[in-house]
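Have a look at the structure below before the remarks.
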Amino acid sequence: MPKGKDSSWVIDTVTSNISWIKSSRNYVRDGRSQLKPVTINLKALDENWSVQYREHKPATNKLTLSGDHSLSITTDSKDPFHSARQLQQWFHQRAKLSLLPWISSLAEERNLQFNRIYIKNQVSRWGSCSIKRNINLNRNLLFIPHHLVEYVLHHELTHLEHLDHSGRFWTAFTHVLPNCGELRRELREVELTDTPLWASPRLEKL
């Protein structure tokens with residue numbers, strides 16, 4: 001309590017800020033619930049996963065497949081991020097197992113060769129291609145519709161032919177995806193910040 005204030009000041013302060021307190025409490029509660037989702041929708045793969053949580057002492061980093069598209073994860077009452085980190089490990093592997101053969105198949109169809117493909121947990125990009133012909137793909141692509149993932153994959157593959165966004169790039173890209181302009185506008189409406197909290201890149205540091 002600040003010096004010179006009494007209990008009536010505390011009551012008045014709390015009363016005058018009650019709406020903010022309730023809003024903040026709900027925000028925290030909602031945030032914590034997002035760390036332990038009961039369903040995960042991977043739109044790119046047309047997969048819906050159910051998640052079950054079980055208390056385990058001592059806490060372990062054990063995630064198991066308990067059925068068709070069903071995950072079972074341990075929890076730790078002392079660590080609110082424990083389950084989310086396990087989900088991130090599973091999600092990263094799911095992205096590797098799906099995105100790597102996906103882009104490899106498209107590259108083969110277009111008779112294009114890349115050096116290496118990296119699956120990353122990026123904040124601001126869906127993908128990128130380097131001068132060394134290495135392609136980075138954001139694992140959070142799995143959260144967006146299949147046709148938009150195809151747009152991103154073809155976009156990065158086209159950079160193997162034209163590294164910049166010159167007129168030649170867009171001509172080549174349009175030849176592959178005639179509606180790439182429309183898809184580009186649709187993708188711009190998808191916010192990377194809409195990624196579920198449990199899959200947030202920033203959680204890896206907690």
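The values are calculated or read from the model by the stated rules, or taken from the named source; none is laboratory data. Keep in mind it's a predicted model, so treat the numbers as computed, not measured. For neighbour counting, all protein chains shown are included, and Cβ atoms are generated from backbone atoms with ideal geometry for every residue, glycine included.
Only residues that are exposed (fewer than 12 other Cβ atoms within 10 Å of the Cβ) and closer than 23 Å to LEU106 by Cα: list them for segment 182-199, please.
Listed by number, the residues that qualify are GLU182, ARG185, ARG188.
Somewhere in segment 171-190, is a residue in contact with a Gly (Cβ under 9 Å, 6 or more places away or on another chain), assigned to a helix (DSSP H, G or I), at pLDDT 95 or above and within 29 Å of PRO37 (Cα to Cα)?
Scanning segment 171-190 turns up no residue that is in contact with a Gly (Cβ under 9 Å, 6 or more places away or on another chain), assigned to a helix (DSSP H, G or I), at pLDDT 95 or above and within 29 Å of PRO37 (Cα to Cα).
I'm checking my understanding of the structure. Among residues of segment 16-59 that are assigned to a strand (DSSP E or B) and farther than 17 Å from ILE144 by Cα, which one is modelled with the lowest pLDDT?
Ranking the qualifying residues of segment 16-59, first place goes to GLU55.
Based on this model, can you work out whether GLU156 counts as more than 18 Å from ASN41 (Cα to Cα) and either part of a helix (DSSP H, G or I) or modelled with pLDDT under 95 (or both)?
yes
Check TRP170, TRP126 and return the single one that is surrounded by fewer than 18 Cβ atoms within 10 Å (Cβ to Cβ) and hydrophobic (A, V, I, L, M, F, W, C).
Sole residue among the options that is surrounded by fewer than 18 Cβ atoms within 10 Å (Cβ to Cβ) and hydrophobic (A, V, I, L, M, F, W, C): TRP170.
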